[in-house]
2 protein chains.
Amino acid sequence: MKTEGGPPLNLNPEPHAASDRRRLRGGAPIQIGLLGCGTVGGGVLRLLAENSGYLAERAGVPLVVKRVVVRDLEKERVAALDRDLLTTNPEEVVDDPTIDVVVEVMGGETPARALIERAIDRGKGVVTANKLLLAAHGPALLARASARQVDLAFEGAVGGGIPIIRTLRDAFASDWVERVTAILNGTCNYILTRMRDTGASFDAALREAQTLGYAEADPSLDVDGHDAAHKLIVLAMLAFGAQVDSADVHTSGIRSIEEADHRYADRFGYTIKHLAIGRDLGDSIELRVHPTLIPKESVLANVSGVLNAVLLEGRAVGPSLVYGRGAGDLPTAVSVVSDILDVARSIASGVAGMQGRGMSIKPRAVRPLGEIVSRYYLRFAVEDRPGVMGRLAGALGDAGVSIEQIVQQGPTNSSSGAAPAPQPAVDVVLITHDAREGLVRNALDAIAREQFLREPVHLFRIEEP
Amino acid sequence: MKTEGGPPLNLNPEPHAASDRRRLRGGAPIQIGLLGCGTVGGGVLRLLAENSGYLAERAGVPLVVKRVVVRDLEKERVAALDRDLLTTNPEEVVDDPTIDVVVEVMGGETPARALIERAIDRGKGVVTANKLLLAAHGPALLARASARQVDLAFEGAVGGGIPIIRTLRDAFASDWVERVTAILNGTCNYILTRMRDTGASFDAALREAQTLGYAEADPSLDVDGHDAAHKLIVLAMLAFGAQVDSADVHTSGIRSIEEADHRYADRFGYTIKHLAIGRDLGDSIELRVHPTLIPKESVLANVSGVLNAVLLEGRAVGPSLVYGRGAGDLPTAVSVVSDILDVARSIASGVAGMQGRGMSIKPRAVRPLGEIVSRYYLRFAVEDRPGVMGRLAGALGDAGVSIEQIVQQGPTNSSSGAAPAPQPAVDVVLITHDAREGLVRNALDAIAREQFLREPVHLFRIEEP
């Protein structure tokens, strides 16, 4: 889209009561209050300033930043921003009757939730990028917004600059989403890409990601899968009309993946990706987040580094993928500003609160993990003696799980730091045909009782997106 | 999005004058007239019927098909459709004051253009999937629509089910698109994929595509690149705000690509794709459609078969890709119905004509091909005698074009059907560094005068999307 440099933020909007303005909207500007001014908030202010001319044309009225809530008035802020707009008191945003749109980019559940609810109750449009909050309270907040006839927009909450929320809400309006397969966490994808391409260990790849600023000092939210799970819950809300408790989403991270797993996956023609997977089974839905083997030549396998991607399968549209930078101040800020424009246009033309109309979001049954059907990659570190492979294959066969291929290789150089073995251990790696996970678990319980097992089994599911 | 089976099309809407309805919109249905009922039109009717309940909720009023224009009343039609709605007279749609939205899915320039203009002049919203028409008259039609305060929507015109128009219009509202690199023609992509994967000749792959219904009996519109050029012009309108004459878009197709080119490209680490490329250079834009070598590991290289993909590079968002089925009745129909929903909602809430507001589309200078800078793949079929490689390298050096790598291989088994040579010909293939195309052309003019050249040179540009 064409944009113009535009003047710095207009700092002297003439104030009037929100109610008046909603009736006789004339050319009166839409006034914006920002909750939070970190990297995303800074990017939002910068884009609003740089594109003010174009945005005013699109909205039909100017967009003006009225107030910005920060934690510390002294900290260095965005150049274009007048310090008079700063405050540490969020009530100066949510309670200001002249503010039309509240933009929440502070993150976290408290006090963000209460502030957003209060802004909604006061008839303001709300834009947020807070996936944690939406995963926990999205349906309630959307219901509250539609009851109050205001818009609640959150394109920035999932996939940074990727327009996945719009795509699900608008482009798929006349289709039925059957499956969502997504790379939603850039940190995990970066670490897995490095492990695959350089043979690095998880720890080494994580340290590298931290050095580059792709991973936090405490990386658990990312590498243990919780961040991806929050995003999947938000996608399921739109894709499947589902209200889901995060406890119902099977979530596992990437700490358990070893170099050896990447080598074996590659030999079998797969790449290991950390995927968020959702399926609509009609009577129930499937929601899970875990490391997954996918064919090397699949498009998702070629989404590398910190990039995110969401593959949707629509009944009518077929496969549809959106891909881009999943994080970073500017990509997310672009999504937030697009939302601000949408919400501002609706207010300016007196049709606020229509965006989510007709979307029904209700609790839906989530299929228990034991009942899902998948193919599995299983790696066993076992004693190097005759008959072991047979015992493994036998245990799976007894449980009703059939094997597609099996290889033995050793001695293993797994980096799991298992205690030094009396004799060298070997890896037995196998790929199953489609099987119900419950049956696989039964087989693994039996195998766990065997003496020849040197470490816990490595289990990864296989998908063909 | 959730959808319901819903009842078949409501065939007895109570009629009233469009004007009234626009004022006292109450719960009165939005009435739709369809121009054309081929595969896409049939898909649209089917989706409108299957999702009627959900669409009514989203629009706030029912969507009702009032009339469908067909060429032949006797031909077999969609099951859900009442034959009483059929007519062969388009005026019964564009002149019917009770019809709010006209959906043009007949294609071609005549009579589509006149009918759409007439519908706009009568204050109706228009939805079209007609890329040919938009490439030729898009800016004029959009100006006409905004002057009349009605919406003109065309998501279905580019990339079938891919929501690329929405993405450019809304998601990138606060960003600047610097580059567009796209696979926009499924026929070309299918043929090139088969040539690469099976070593088939162009003719064999084309016949296969025709057998499968992926290519027309007369494939020229697709394989010569014109279809992709039309789509690129539509994208440039939104991405660069550019009004472009198709004569200014360098367009070449895939007929000249031989098996040998795929083999050499592969050896150099590239895949040959038929790409539509657009760049915003600030003072001018670059628009071209041609076979292109791209690195094997790039995501676009892994978009196979009839799939389409559009890679956008935003100044703030960075790379962003949308991908999916570029053609076919249902994917395109999904996009058309999403547009119908958008246009209907705007009418129902009295804010028609706002969608394109603030978009400025004006003539922009297109950089002449001779001035673009690129890397090049050059293949020469030459006489197998000493000194030839030196003469080729020399001619390029004299013109100021530097070579990155050069290989000689022979005898060539090119399938170009060149006359049998007195002595075996060999292929000399080289990759240049970045060079201005004009300089490359100068070198090729000099080389063309050499006696040792057995066939015209094969030139393909190289991109790193």
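Here are the numbers:
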| read-out | value |
| --- | --- |
| Of all residues making up the range A:317-343, the number that are part of a loop (DSSP other than H, G, I, E, B) and more than 7 Å from chain B (Cβ to nearest Cβ) | 3 |
| Within the range B:242-254, considering residues that are of a type in the set (G, A, S) and surrounded by fewer than 20 Cβ atoms within 10 Å (Cβ to Cβ), the one farthest from B:Q355 (Cα to Cα) | B:S252 |
| Where a residue in the range A:134-154 is in contact (Cβ under 8 Å) with a residue 40 or more places away in the chain and within 21 Å of A:R345 (Cα to Cα) and its partner, wherever it lies, is of a type in the set (D, E) and open to solvent by 60 Å² or more (accessible area, probe 1.4 Å), with Cβ under 9 Å and at least six apart | A:R148/A:D121 |
| Within the range A:370-408, considering residues that are touching an Asp or Glu at 6+ places or on another chain (Cβ under 6 Å) and either among the hydrophobic types (A, V, I, L, M, F, W, C) or in a helix (DSSP H, G or I) (or both), the one nearest to A:S284 (Cα to Cα) | A:I372 |
| So B:D84, is it part of a loop (DSSP other than H, G, I, E, B), out of contact with any Asp or Glu (no Cβ under 6 Å at 6 or more places or on another chain) and in contact (Cβ under 8 Å) with a residue 60 or more places away in the chain | no |
| Subset of the range A:57-107 (residues that are charged (D, E, K, R), at pLDDT below 95 and open to solvent by less than 50 Å² (accessible area, probe 1.4 Å)) | A:R58, A:R77, A:D82 |
| When residues of the range B:275-294 are limited to those that are among the small types (G, A, S) and in contact (Cβ under 8 Å) with a residue 12 or more places away in the chain, the one nearest to B:R461 (Cα to Cα) | B:A276 |
| Of all residues in the range A:163-194 being farther than 21 Å from A:A129 by Cβ, open to solvent by less than 10 Å² (accessible area, probe 1.4 Å) and at the interface with another protein chain (Cβ under 7 Å from one of its Cβ atoms), the one that is modelled with the highest pLDDT | A:V177 |
| Per-region count, the range B:343-369, residues at pLDDT 90 or above and within 20 Å of B:I233 (Cα to Cα) | 9 |
| Any hit, the range B:381-389, residues being open to solvent by 20 Å² or more (accessible area, probe 1.4 Å), in contact with a helix residue (DSSP H, G or I) (Cβ under 8 Å, 6 or more places away or on another chain) and among the basic types (K, R) | no |
| Count - residues of the range A:331-364 that are under 21 Å from the mean Cα position of the chain (by Cα) and surrounded by 24 or more Cβ atoms within 10 Å (Cβ to Cβ) | 10 |
| Inter-residue pairs, beta-carbon under 7 Å, first at positive phi and in the range A:344-372, second of a type in the set (V, I, T), 6+ apart | A:G353/A:V150 |
| Qualifying positions in the range A:365-377 - surrounded by 18 or more Cβ atoms within 10 Å (Cβ to Cβ) and of a type in the set (K, R) | A:R367 |
| Selection within the range B:118-162 - more than 14 Å from chain A (Cβ to nearest Cβ), out of contact with any Asp or Glu (no Cβ under 7 Å at 6 or more places or on another chain) and among the hydroxyl-bearing types (S, T, Y) | none |
| Candidate set from the range B:279-315 (those that are farther than 25 Å from A:A301 by Cα and part of a loop (DSSP other than H, G, I, E, B)); member that is nearest to the other protein chains (Cβ to nearest Cβ) | B:R315 |
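The values are calculated or read from the model by the stated rules, or taken from the named source; none is laboratory data. Small disclaimer: the values here were computed from a predicted structure and weren't measured. Every residue, glycine among them, receives a Cβ derived from its backbone with ideal geometry; neighbour counts consider all protein chains shown. Accessible surface areas use protein heavy atoms only, side chains included; no ligands, DNA or RNA. Shrake-Rupley method; radii C 1.70, N 1.55, O 1.52, S 1.80 Å.
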